[in-house]
1. Would you check which residues across the range 211-238 are of a type in the set (Gly, Ala, Ser) and without any contact (Cβ under 8 Å) to a residue 60 or more places away in the chain and list them?
2. For the range 118-125, indicate whether the set of residues that are surrounded by fewer than 18 Cβ atoms within 10 Å (Cβ to Cβ) and not hydrophobic (A, V, I, L, M, F, W, C) is non-empty.
3. Could you grab me the full set of residues in the range 162-208 that are within 13 Å of Val107 (Cα to Cα) and within 16 Å of the chain's Cα centre (by Cα)?
4. Looking at Ala98 and the list (1) buried (at least 16 other Cβ atoms within 10 Å of the Cβ); (2) farther than 21 Å from Thr262 by Cα, which single condition is not satisfied?
5. Need a quick list: strands (runs of 3 or more DSSP E) entirely within the range 176-284 having at least 3 residues that are surrounded by fewer than 21 Cβ atoms within 10 Å (Cβ to Cβ).
6. Given the structure, is Arg7 of a type in the set (D, E, K, R), more than 27 Å from His236 (Cα to Cα) and modelled with pLDDT under 95?
7. State which residue pairs qualify: first residue free of Cβ contacts under 8 Å to residues at least 12 places away in the same chain and inside the range 45-56, second residue loosely packed, with under 14 Cβ neighbours inside 10 Å and part of a helix (DSSP H, G or I) in any location, beta carbons under 6 Å apart, and separation of 6 or more residues or different chains.
8. When only residues in the range 156-175 that are of a type in the set (Gly, Ala, Ser) and assigned to a helix (DSSP H, G or I) count, which is surrounded by the most Cβ atoms within 10 Å (Cβ to Cβ)?
Amino acid sequence: MLYSTLRKLLTAAGRVPWTALRRLARILAFFFWHFAPSRRNEAVNAIHKHLKVSHEEALRLARQSFAENFLSFLEILHASRFFTEQSVRVLYTPEVKAMLQAETRPVIIATAHLGSWELMPGLAADILPQREGMVVVRSRRNKTLNRIIAELRGARGMLVIDHRRAAEILLPKLRNGGVAAFLVDHNTNRREAVFLPFLEDTAAVNMGPASIALRAKAAVYPVFLLRDGKGGHVLHMLAPLHTENLEGNVRERVVKTARFYTEAVDKMVRMYPEQWFWMHRRWKTRED
């Protein structure tokens, strides 16, 4: 009953125009900004510390990031209707797109909670239609909500996989020519982490995507979908890392791969700081 009711509501919400979705995001951000002071302070302090900007600039960026982040959450409602030709106005590094489409290796897409990340899964259907697409996610405790979100993310044919089962499901499919997308900027626990430089600090970086990429001998492509401020999007595709060419023991190669995608996220966050998920406690897990 709860599932069917929520599904109908979200299906109806998915018909809301983009302009109305942006207005709703601004309203939600306004209330969250004023009634969730701990998250507001978390974002402001993180920006001030990690971008080395003034407190006034940190306030401005944090407030803008709240509106951008709530829009990111709401955009999942439009995931099934998002097409590259219609919505991406500028394609950065088109030579990388050509390289990706000609890639013969398994492909790992490394992305982040930056810009329109909830629209990313659907892009695989446009860019790599011949490959089986997968997205690895962290499940929520509520099973009904998990099911609905997985259906929304998988609306364009993507297979949605819980991160705890990633290796067993992904590896055979990757070796068979699949493509898997990971959000690589989560905080993680010490057991799963390698500690690397990130935004003027040291962060716990999840080794999982790096380990799977190495086992599959995959090419790792950093890809980010950013808003252009004009109602459209800019797709950034950075040059890949071919993990089969790395040298060193297993641990050294895992660290090199994790460092590669962490540096890519660092670069893009500095370019678009207002679109990153600053209210996330990214540096919660410490090395000591």
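1. Initial filter on the range 211-238 (of a type in the set (Gly, Ala, Ser)): 211, 213, 216, 218-219, 229, 231-232.
Listed by number, the residues that qualify are Ser211, Gly229.
2. No: the range 118-125 contains no residue that is surrounded by fewer than 18 Cβ atoms within 10 Å (Cβ to Cβ) and not hydrophobic (A, V, I, L, M, F, W, C).
3. Keep residues of the range 162-208 that are within 13 Å of Val107 (Cα to Cα), which gives 170-182.
Matches in the range 162-208: Val179, Ala180, Ala181, Phe182.
4. Only one criterion in (1) buried (at least 16 other Cβ atoms within 10 Å of the Cβ); (2) farther than 21 Å from Thr262 by Cα is unmet by Ala98, namely (1).
5. Working: elements: 179-183, 193-197, 202-206, 219-227, 233-237.
Qualifying strands (runs of 3 or more DSSP E): 193-197.
6. Working: of a type in the set (D, E, K, R): yes; more than 27 Å from His236 (Cα to Cα): yes; modelled with pLDDT under 95: yes.
For Arg7, the condition - of a type in the set (D, E, K, R), more than 27 Å from His236 (Cα to Cα) and modelled with pLDDT under 95 - is met.
7. Partner pairs satisfying both residue conditions: His48/His55.
8. The initial filter retains those residues of the range 156-175 that are of a type in the set (Gly, Ala, Ser), namely 157, 166-167.
Subsequent filtering for residues that are assigned to a helix (DSSP H, G or I) retains 166-167.
Numbers: Ala166: 19, Ala167: 15.
Taking the candidates together, the pick is Ala166.
The values are calculated or read from the model by the stated rules, or taken from the named source; none is laboratory data. Since the structure is predicted, the reported quantities are computational estimates derived from the model, not experimental observations. Positions of Cβ are backbone-derived with ideal geometry, glycine not excepted, and every protein chain shown enters the neighbour counts.
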